[in-house]
Amino acid sequence: MIKYEKVLDVSASYDVVVIGSGPAGICAAVAAARRGMKTAIIERYGILGGNLTIGCVGPILGSVAKGTMYDELSSLLLTEDGKTWTGRVHDMEKAKRVVLDFLLNAGVNIYLQTPVIDTFQEAGILTGVLVAQKEGLSVIEGKRFIDATGDGDIAVSAGAPWEFGRDGDRKLQPVTLMYIIENVDDSRAISCYGEDDPVKLGEEKFLDFTARCCSDGRLPENCYCVRLYPTTHPGERLVNTTQVNHINPLKQTEIVKAEAELRHQIDCITNFLRTYVPGYENCRIKTGASTLGVRESRRITGEYILDVEDLRAGRRFDDVIVHKANFVVDIHNPVGGGQEYGLAEVIKPYDIPYRCLIPLNVENLLLAGRCISGTHEAMASFRVMSICMAMGEAAGIAAALSITANVSPRQLNVESIQKELTAKGADLFS
Ligand SMILES: Cc1cc2nc3c(=O)[nH]c(=O)nc-3n(C[C@H](O)[C@H](O)[C@H](O)COP(=O)(O)OP(=O)(O)OC[C@H]3O[C@@H](n4cnc5c(N)ncnc54)[C@H](O)[C@@H]3O)c2cc1C
């Protein structure tokens, strides 16, 4: 067998290296750069934003206590013609520019079309990531790294333990391709916000009608929950309906299988809307996700594992870095349509402790976004984009402060992060 070896160049060195440019990564990079750190953000695709842009995901759901970067970024995304919309889907094309400017204005060095494919450590400390670019393979070094890849690629490569799926059968929430339709007649068209939306079509509850259509083949199997969200533009709806179950999004063959099925579902659902739903007769597809929508994959195990009981109790933690995180436990059924338990569970606003951002076994690394340390159920709440933005900001601040204090993120005094967040107006303790 041939043994392949290659000597790699170091192409750049930074204070803070953020991998992944979704809602969490963007806020992490901006927070670090604003604190004077030489910061890079590395994104595998050619567009920044993760699910905020190429995932075509909206609206930005959930909330956190006031004063975080969620307030700032969501207002940039949702202000149209001088009016700030809430609860509406942002403009995906505008978001691509907003996110780019947000990072550039903070002085972040941006890497596009640059997947991170491996990591390097010395004496158990993460020192660099291996990137694949047109120029070839090279190493980007950093003093601190933030894994905001959603899938926890960096933490896993560096040796952190991780969990996958729900207890028992390890099934994941289904994958989806989101898309936006235009030319909807708002004067007659309904919107539908999910399982518990009572909106009617004639005399019948809309989702009862769609369930019948799923049974008789007018809609794809398991796609009865036809969510139709208004956007910031008249005559548009974001359609959050396609879904394929039993897909492992970490496996190449399964990604392609899901993509093929979901693209066909988009045509079927659009034809259904044109045929059966008043106001949608002339709708057409405006844009859609450019990559598979993954609700759930790896959850990295950290110093604390946030549990659904913490959410039910609205638990406070001494090492809070995101306060009053609030969103239902939104588990899309891993083995069928709709929600896992019929309805999403309402919880009490809860804290996210700093320990959830610190992976076991790896030094110099922080977690941010949906891959932080939590259970399947808790993740189904904190995965929404408002909460991911707030935890990204906290991770960026922690990375910067740990460099200044010359301690690892694990050893950093959490009060220094809390002080920094509070000084900028974030509410952590009300
Ligand atoms: C179908 C669907 C519907 C959803 N609906 C909503 C909703 O209505 N409202 C809401 O608030 N949330 C919703 N969510 C959840 C939300 O979009 C995500 O949980 C959230 O975007 C996670 O943010 P993140 O920053 O952790 O990851 P992501 O947004 O996934 O961003 C991760 C980024 O990392 C990059 N990346 C990954 N691996 C690498 C690598 N190895 N090297 C370089 N770059 C890499 C990716 O390309 C991506 O840009 C939905 C999710 C899905 C899939």
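The values are calculated or read from the model by the stated rules, or taken from the named source; none is laboratory data. Quick caveat: nothing in here was measured; it's all calculated off a predicted structure. Here the Cβ positions follow ideal geometry from the backbone for every residue, glycine too, while neighbour counts run over all protein chains shown.
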Looking only at the stretch 89-132, which residues are charged (D, E, K, R) and farther than 14 Å from G22 by Cβ?
D91, E93, K94, R97, D101, D118, E122
For the stretch 157-174: of the residues being aliphatic (A, V, I, L, M) and assigned by TED's automatic domain parsing to the domain that holds G55, which is nearest to R410 (Cα to Cα)?
A160
Can you find a residue in the stretch 119-134 that is in contact (Cβ under 8 Å) with a residue 40 or more places away in the chain, within 16 Å of the ligand (Cβ to nearest atom) and assigned to a loop (DSSP other than H, G, I, E, B)?
no
Does G168 satisfy the condition of being small (G, A, S) and more than 19 Å from the chain's Cα centre (by Cα)?
yes
Please determine whether any residue of the stretch 41-53 is assigned by TED's automatic domain parsing to the domain that holds S386, within 27 Å of L292 (Cα to Cα) and surrounded by fewer than 16 Cβ atoms within 10 Å (Cβ to Cβ).
yes
Does any residue of the stretch 105-113 turn out to be without any contact (Cβ under 8 Å) to a residue 24 or more places away in the chain, under 30 Å from V10 (Cβ atoms) and over 18 Å from the mean Cα position of the chain (by Cα)?
yes
Suppose we keep only residues that are of a type in the set (S, T, N, Q) and away from the ligand (no atom under 16 Å from the Cβ) within the stretch 163-214. Which one would you say is farthest from H233 (Cα to Cα)?
T210
Answer with yes or no whether N406 is over 20 Å from the mean Cα position of the chain (by Cα), surrounded by fewer than 24 Cβ atoms within 10 Å (Cβ to Cβ) and either farther than 19 Å from Y14 by Cα or in contact (Cβ under 8 Å) with a residue 12 or more places away in the chain (or both).
no
Among the candidates I154, I146, single out the residue that is under 29 Å from E363 (Cβ atoms), outside any strand (DSSP E or B), assigned by TED's automatic domain parsing to the domain that holds R44 and not small (G, A, S).
I154
Quick one: in the stretch 121-137, of everything that is farther than 15 Å from A40 by Cα and either among the hydroxyl-bearing types (S, T, Y) or surrounded by 16 or more Cβ atoms within 10 Å (Cβ to Cβ) (or both), which residue is modelled with the lowest pLDDT?
Q121
Of the residues I347, I372, I352, which single one is in contact with a strand residue (DSSP E or B) (Cβ under 8 Å, 6 or more places away or on another chain), part of a strand (DSSP E or B) and not acidic (D, E)?
I352
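Quick grid of which residues meet (1) within 21 Å of L367 (Cβ to Cβ); (2) within 12 Å of the ligand (Cβ to nearest atom); (3) touching a Lys or Arg at 6+ places or on another chain (Cβ under 9 Å); (4) at pLDDT 95 or above:
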{"site": "K6", "(1), (2), (3), (4)": "no, no, no, no"}
{"site": "V10", "(1), (2), (3), (4)": "no, no, no, yes"}
{"site": "V16", "(1), (2), (3), (4)": "yes, no, yes, yes"}
{"site": "L73", "(1), (2), (3), (4)": "yes, yes, no, yes"}
{"site": "T86", "(1), (2), (3), (4)": "no, no, no, no"}
Check whether at least one residue in the stretch 203-214 is surrounded by 16 or more Cβ atoms within 10 Å (Cβ to Cβ), touching a Ser or Thr at 6+ places or on another chain (Cβ under 7 Å) and under 24 Å from V89 (Cβ atoms), and report yes or no.
no
Restricting attention to the stretch 166-179, which residues are crowded, with 17+ Cβ neighbours inside 10 Å and either under 11 Å from I247 (Cα atoms) or at pLDDT below 95 (or both)?
K171, L172, Q173, P174, V175, T176
So, first residue at positive phi in the stretch 388-401, second residue surrounded by fewer than 24 Cβ atoms within 10 Å (Cβ to Cβ) and of a type outside the set (S, T, N, Q), Cβ within less than 7 Å, six or more apart or across chains; the pairs are none
